[in-house]
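Student: Quick one: structure below, then a few questions.
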Amino acid sequence: MKSLYVPLVDWDMGTIIIGVFAFVCIVLVAIVIGFMNSGKKNNDQHQANQ
């Protein structure tokens, strides 16, 4: 008799895809934070300190 077990979900591929998606999101957030921190300083803030 043939096996009645039929996998409905491939958990291995799903976890790999979720891991790749999470890694890409983390990298994009890090890039945006890097852009925010490396921006030019505001001249008004520089004049207020003098």
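Student: Please count how many residues of segment 6-16 are in a helix (DSSP H, G or I) and either surrounded by 10 or more Cβ atoms within 10 Å (Cβ to Cβ) or not aliphatic (A, V, I, L, M) (or both).
Tutor: Total meeting the criteria: 5.
Student: Being among the charged types (D, E, K, R) and modelled with pLDDT under 75 is the filter here, so list the residues in the chain that pass it.
Tutor: If the condition is that a residue be among the charged types (D, E, K, R) and modelled with pLDDT under 75, then K2, D10, K40, K41, D44 are the ones that fit.
The values are calculated or read from the model by the stated rules, or taken from the named source; none is laboratory data. Quick caveat, the model's predicted, so the values are computed rather than measured. A quick note on method: Cβ atoms are made from the backbone with ideal geometry, for glycine too, and the neighbour counts reach across all protein chains shown.
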